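Participant: Dropping a structure here in structure tokens format, bear with me for questions.
The values are calculated or read from the model by the stated rules, or taken from the named source; none is laboratory data. It should be emphasised that the depicted structure is a prediction, and the values quoted were computed from it without experimental measurement. Here the Cβ positions follow ideal geometry from the backbone for every residue, glycine too, while neighbour counts run over all protein chains shown. For the accessible areas, the whole protein counts, side chains as well, though only heavy atoms, and no ligand, DNA or RNA atoms are used. Shrake-Rupley method; radii C 1.70, N 1.55, O 1.52, S 1.80 Å.
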Amino acid sequence: MKKILISTVAVSALLFTVSCKTDFDTDVSSVAVTSGEANFSKYVALGNSLTSGYRDNALYIDGQNESYPSMIAKQMQLAGGGAFKQPMMPNNSGGFTNLFNPTTGDFAGKYVLSVVNGALTPGPTAPGAALDNVTSGGPYQNLGVPGAKSFHLGANGYRSMAGLANGTANPYYVRFATSATSSVIADAVSQAPTFFSLWIGNNDVLSYATSGGTGVDQTGNMNPGTYGPNDITDPTVFAGVISNYITALTANGAKGVMANIPNVTSIPYFTTVPAMPIAGLAAAQVTQLNTAYAQYNGGLGQAKAAGLISDAEYNERLIKFTAAVPNGAVIVDKDLTNLSALGLPSYRQTTAKDLILLPASSVLKTGGGTSSALTDRFVLTAKEVAKVLAATTKYNASLKSIADSKNLAFVDASAKMVELGGASGIQFDGVKYTATFVTGGTFSLDGVHLTGRGYAVIANEFIKAINAKYKSTLPQVNANMYSGVKFP
């Protein structure tokens, strides 16, 4: 991960507490714990990294111990729930030494905060061990697989070692799958669950978003076998596989709970860096920058005169910095008209509608966005944001419709993230939680996944939905008892 600097003022804000008001308003801790109309004797949880307990850009023991399904399972055990086993990692670092890619950072160890040049900076640690296999310790009830998209859960061979070599299998599933040809859904159904949770779909748009829109919107392509890792899943494909999963999981009469997916505009990876990040320029700096881009702007004028670009695109692409006000960062936008034949790159400045990704924060401090353009992977442009939001809206409509059709409990996780992202956030027993990066208490150092406290917030949303649907009285968990970001 690129360096992300955190001010001491922001750290101080983490320690700020508020009044004893709590937003966890349906606590049933004072009544007898019952299962109501549900049967919690065999609970299985299916999903992706969020279900596994992944945080700080890794899966490791402390995170798994604070996964939201493990919290829910403990509350279920107060009402007849059975054992809940997770495929624990072998260490508290995460990552895999034999899969680690030092160039991309894939499969590194967890992020930690350290002081670099006087500022707290998140960064990766070394991976803890080689990929292991814990199949013999199964079956496991937490079937969360980091990186899984909707259609992966039903894919036979998502576990195979051959697939791992060619990129079609997932090492986290390789660790605990029951066989080389099994699927996550098949492994869940084989346990004859009496209750299940399913939270899947984030990665169907998230990988596109976190890559800066480098994938393809596959809407209209019904064959997910042809998708790239950063592509947006077709909404019809998404709805079809989810419907099939729920049909299989409920075939024996099991009850369950589903959740929708948050918009990328509500999580810190996309909201921490302002869209107009170049501020405080002195007059001399403005003159220098505008002089540097004068030739580019002149070339745009020639392209417009030749009819190669419209007036609107000409104005969109002009580079101009102004003193004393926030300026957009210069970026490469691949959706602009290709003027490379004129020697002109596809540059423009960001607007309030673009999202600059969290890793860009350190690049901006070394001339990115001014003397050099931010590359495509650092920005989700307004057009790309629209594609992500359109797909997410359709996914969430399908998830709600499927849950209703099967009379399942439903968690509006998207609404909870919006609430966390608001200025007031949520409060629990005197502690305020927000979606602010690091200091808000709910998001881990990767800006996408939650802390233990954040997962506790989500666990309570699941518990509230379960209680409301099945007339159970599971107590909520105390979010303040779980871990947040650790400071050196």
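Participant: Nearest 10 degrees, 0 to 90: what angle lies between the long axis of helix 283-292 and the longest principal axis of the chain (Cα atoms)?
Facilitator: For helix 283-292, the angle is close to 80 degrees.
Participant: Would you kindly derive the ³J(HN,Hα) couplings of the range 372-382 from the backbone phi angles with the Karplus curve 6.51 cos²θ - 1.76 cosθ + 1.60 (θ = phi - 60°), listing them in order in whole Hz, with x for Gly and Pro?
Facilitator: 9, 7, 5, 6, 4, 6, 9, 9, 9, 6, 4
Participant: Still on this model: Non-local amide H neighbours of V411 (under 5 Å, H modeled in plane, Pro and chain starts lacking H): which ones?
Facilitator: Counting only residues 5 or more places away or on other chains, the set is M258, A259, N260.
Participant: L389 to S179: extension gain in nm, 0.36 nm per residue of separation minus the Cα-Cα distance? Please report the intermediate quantities before stating the final value.
Facilitator: Details: separation 210, 0.36 × 210 = 75.60 nm, distance 3.65 nm.
Full extension of this stretch gives 71.9 nm more.
Participant: Here's a follow-up. About its Cα centre, what dipole magnitude does the chain give when the only charges are +1 on Lys and Arg Cβ and -1 on Asp and Glu Cβ, stated in debye to the nearest 20?
Facilitator: Details: 32 positive and 28 negative charges, 60 e Å.
The calculated dipole for the chain is roughly 300 debye.
Participant: Two decimals is fine: what's Rg over Rh for the range 293-343, C-alpha atoms, Kirkwood radius as Rh? Walk me through the numbers before you get to the answer.
Facilitator: Numbers: Rg = 11.6 Å, Rh = 11.9 Å.
Ratio value, two decimals: 0.98.
Participant: What does a probe at A415 reach in the range 437-471, counting residues whose amide N is under 19 Å from the point 7 Å along Cα→Cβ?
Facilitator: 457-471
Participant: Can you compute 3J(HN,Hα) from phi for each residue in the range 314-322, using the Karplus curve 6.51 cos²θ - 1.76 cosθ + 1.60 with θ = phi - 60°, rounded to whole Hz and x for Gly and Pro?
Facilitator: Taking θ as phi minus 60°, the curve returns 4, 5, 5, 8, 4, 9, 8, 9, 10 Hz for the range 314-322.
Participant: Tell me which of G307, A177, G212 sits at the most positive position along the dipole axis of the chain, charges placed on C-beta atoms (Lys, Arg +1; Asp, Glu -1).
Facilitator: It is A177, whose Cα lies furthest towards the positive end.
Participant: Follow-up. Radius of gyration and Dmax for the range 247-389's Cα atoms, expressed in Å?
Facilitator: 19.9, 72
Participant: Tell me the accessible surface of L113 in square angstrom (1.4 angstrom probe, heavy atoms of protein chains only), to the nearest ten.
Facilitator: 10
Participant: So, one more: Residues of the chain: accessible area per residue at 1.4 Å, in Å²? Mind dumping the intermediate values first?
Facilitator: Working: 19390 Å² over 488 residues.
With all protein chains present, the chain gives 40 Å² per residue.
Participant: Apply the Karplus curve 6.51 cos²θ - 1.76 cosθ + 1.60, θ = phi - 60°, to the phi angles in the range 385-390 and return the couplings in whole Hz, x for Gly and Pro.
Facilitator: Taking θ as phi minus 60°, the curve returns 4, 4, 5, 5, 5, 5 Hz for the range 385-390.
Participant: Quick check: the angle from helix 294-305's long axis to the longest principal axis of the chain, C-alpha only, nearest 10 degrees?
Facilitator: 90
Participant: Still on this structure, please answer the following. What percentages, rounded to whole numbers, describe P(r) for the range 350-488 computed over all alpha carbon pairs with 5 Å bin width beginning at zero?
Facilitator: Histogram of Cα-Cα distances, whole percents per bin: 2, 9, 13, 16, 17, 16, 13, 8, 4, 2, 1, 0, 0.
Participant: If one puts a single equal scatterer on every Cα of the chain and applies the Debye formula without solvent, what log₁₀ I(q)/I(0) results at q = 0.06 Å⁻¹?
Facilitator: Listed by q, the Debye log ratios stand at -0.29.
Participant: Another one. If you line up the long axis of helix 235-249 against the longest principal axis of the chain, both from Cα atoms, how many degrees apart are they, to the nearest 10?
Facilitator: Between the helix axis and the principal axis of the chain, the angle is about 10 degrees.
Participant: Does the range 69-162 come out rounded, prolate or oblate by the C-alpha gyration tensor, with a ≥ b ≥ c the root eigenvalues, rounded set by a/c under 1.5 and, if not, prolate when a/b is larger than b/c and oblate if not? Walk me through the numbers on the way to the answer.
Facilitator: Values: a/c = 2.28, a/b = 1.42, b/c = 1.60.
Oblate shape, in that a/c is at least 1.5 and b/c is the bigger or equal ratio.
Participant: Moving on. Collect residues whose amide H, placed 1.01 Å from N in the peptide plane, falls under 5 Å from the amide H of R348; neighbours closer than 5 in sequence don't count.
Facilitator: I331, D333
Participant: May I pose another question? For a quick check of understanding: with a 1.4 angstrom probe and all protein chains in place, what accessible area in square angstrom does E461 have, to the nearest ten?
Facilitator: Around 30 Å² of this residue is reachable by solvent.
Participant: Rounded to the nearest 0.05, what FRET efficiency do D311 and A32 give with R0 = 56 Å and r taken as the Cβ-Cβ distance? Could you check? Write out the running numbers ahead of the final one.
Facilitator: Numbers: r = 71 Å, r/R0 = 1.26.
Result of the calculation: an efficiency of 0.20.
Participant: Accessible area of the range 134-178 with a 1.4 Å probe: how many percent of it is carbon plus sulfur?
Facilitator: Values: 840 of 1510 Å².
Carbon and sulfur: 56 percent of the exposed surface of the range 134-178.
Participant: Here is a follow-up. Under 5 Å between amide hydrogens, which residues at least 5 positions from S93 or on another chain qualify, with H placed 1.01 Å from N in the peptide plane?
Facilitator: I61
Participant: Looking at the chain only, what percent of DSSP beta bridges run antiparallel? Nearest 5 please.
Facilitator: Values: 20 of 40 bridges.
Counting DSSP beta bridges with both partners in the chain, the antiparallel share is about 50 percent.
Participant: Now a separate question. Sorting F487, F96 by accessible area (1.4 Å probe), largest first, what list results?
Facilitator: F487, F96
Participant: Take the alpha carbon gyration tensor of the range 317-356, find the square roots of its eigenvalues, order them as a ≥ b ≥ c, and report rounded if a/c is under 1.5; if not, report prolate when a/b exceeds b/c, else oblate. Could you put the intermediate results ahead of the total?
Facilitator: Values: a/c = 3.67, a/b = 1.71, b/c = 2.14.
Cα axes put the range 317-356 in the oblate bin.
Participant: Next question, about the same structure. So what's the back-of-envelope 222 nm ellipticity for the chain, counting only DSSP H runs of four-plus at -39500 (n - 2.57) apiece and dividing by all residues, rounded to 500? Let's see the in-between values first.
Facilitator: On the way: 17 runs with 154 residues, N = 488.
Here the helix-only value at 222 nm equals -9000 deg cm²/dmol.
Participant: Could you name the lysines in cross-link range of K471, using Cα to Cα under 24 Å and dropping any fewer than eight places away on the same chain?
Facilitator: K471 reaches K42, K74, K255, K400, K406, K416.
Participant: Between S114 and K334, how many nm apart are label points set 7 Å from Cα along the C-beta direction?
Facilitator: 3.3
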